[in-house]
Amino acid sequence: MIREEILGALRATPDRVEACARGLSPEQLARRPKEGEWSIGEILHHLLIGERDVILPRLTMRREHDFPQLARKDERAEERGDPPVQRHEGGRHGSDRKS
């Protein structure tokens, strides 16, 4: 994939995600397909947090600096009141909130 294709895919992703979730009720967004699996709402939250707290800051730093020192974790998450991230079985990540 060339740079322009990658940037095009990244630009299109928010609209594609919104189109998939548009019209779903709060109950549908919160429903987990199986015990221990994530709901659509949890997946969307995970994508938002990952983009906002990991991807965007790293892309910004790479654009602004030649050799940026990238943090391994978001030190500001606790200050913002974000729920702690825990590792679940199978290597998946999620918050400690229960649905």
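Things to note:
- The combined condition, being at pLDDT below 80 and part of a helix (DSSP H, G or I), is fulfilled by E79.
- Members of segment 45-75 that are modelled with pLDDT of 70 or more, charged (D, E, K, R) and either under 30 Å from A30 (Cβ atoms) or part of a helix (DSSP H, G or I) (or both): E51, R52, D53, R58, R62, R63, E64
- Checking I43 against (1) touching a residue at least 12 places away in the same chain (Cβ under 8 Å); (2) within 26 Å of R80 (Cα to Cα), the condition it does not meet: (1)
- Residues that are closer than 25 Å to G81 by Cβ and either part of a loop (DSSP other than H, G, I, E, B) or at pLDDT below 85 (or both), drawn from segment 15-40: R32, W38, S39
The values are calculated or read from the model by the stated rules, or taken from the named source; none is laboratory data. Everything numeric in this text was worked out from a predicted model, so none of it was measured. Neighbour counts run over all protein chains shown; Cβ positions are idealised from the backbone, glycine included.
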